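Have a look at the structure below, then the notes.
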Amino acid sequence: MMERMDYLQAVIDSQKTPIEVFMGIQENKDAFEVVDVRIGEPEFLKEKIVGAKQIPLMALESRLSELDKSKLIYVVTWNAACTLAKQASILLLNHGYQVLEIGGGNEAWKAMGLPMQEI
């Protein structure tokens, strides 16, 4: 039972809801960066969260210099079932970044009517 509780707490601690992220960015946009780590063909990557940097997971390690270690990094991917953001979180944490996942990914962000932009 304790292992399950620890797992659930770790999930809670590792992500924020889209609305929490949006509100935080509105309050202090200079404290955060959003990094979209989705992998896909251009015809599938039509929109992203406004202001998000597009760095596909497989390129993330070679592009770490584009990220500011003094900022909290929010990673985002397709949806809640996709593990790319979790993989990116592990990589970023191993390199000393502060990182949280946007729970539900781009799918949840868009479903909540939060701003998206064309790619």
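A compact table of results
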{"quantity": "Within the range 37-50, considering residues that are surrounded by 13 or more Cβ atoms within 10 Å (Cβ to Cβ) and out of contact with any helix residue (DSSP H, G or I) (no Cβ under 8 Å at 6 or more places or on another chain), the one farthest from MET112 (Cα to Cα)", "calculated": "LEU45"}
{"quantity": "Pick from the range 11-26, criterion modelled with pLDDT of 95 or more and of a type in the set (A, V, I, L, M), ranking: surrounded by the most Cβ atoms within 10 Å (Cβ to Cβ)", "calculated": "VAL21"}
{"quantity": "Check on LEU57, open to solvent by 20 Å² or more (accessible area, probe 1.4 Å), among the hydrophobic types (A, V, I, L, M, F, W, C) and under 16 Å from ILE39 (Cα atoms)", "calculated": "yes"}
{"quantity": "Residue within the range 73-84 that is farther than 15 Å from ALA108 by Cβ, assigned to a helix (DSSP H, G or I) and either out of contact with any Ser or Thr (no Cβ under 6 Å at 6 or more places or on another chain) or open to solvent by less than 60 Å² (accessible area, probe 1.4 Å) (or both) present", "calculated": "no"}
{"quantity": "Yes/no for LEU114 being open to solvent by less than 30 Å² (accessible area, probe 1.4 Å) and either in contact with a Pro (Cβ under 6 Å, 6 or more places away or on another chain) or in a loop (DSSP other than H, G, I, E, B) (or both)", "calculated": "yes"}
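The values are calculated or read from the model by the stated rules, or taken from the named source; none is laboratory data. None of the values given here were measured: they were computed from a predicted structure. We place every Cβ from the backbone using ideal geometry, glycine too, and count neighbours over all the protein chains shown. The area values use the complete protein model at the heavy-atom level, side chains included, leaving out ligands, DNA and RNA. Shrake-Rupley method; radii C 1.70, N 1.55, O 1.52, S 1.80 Å.
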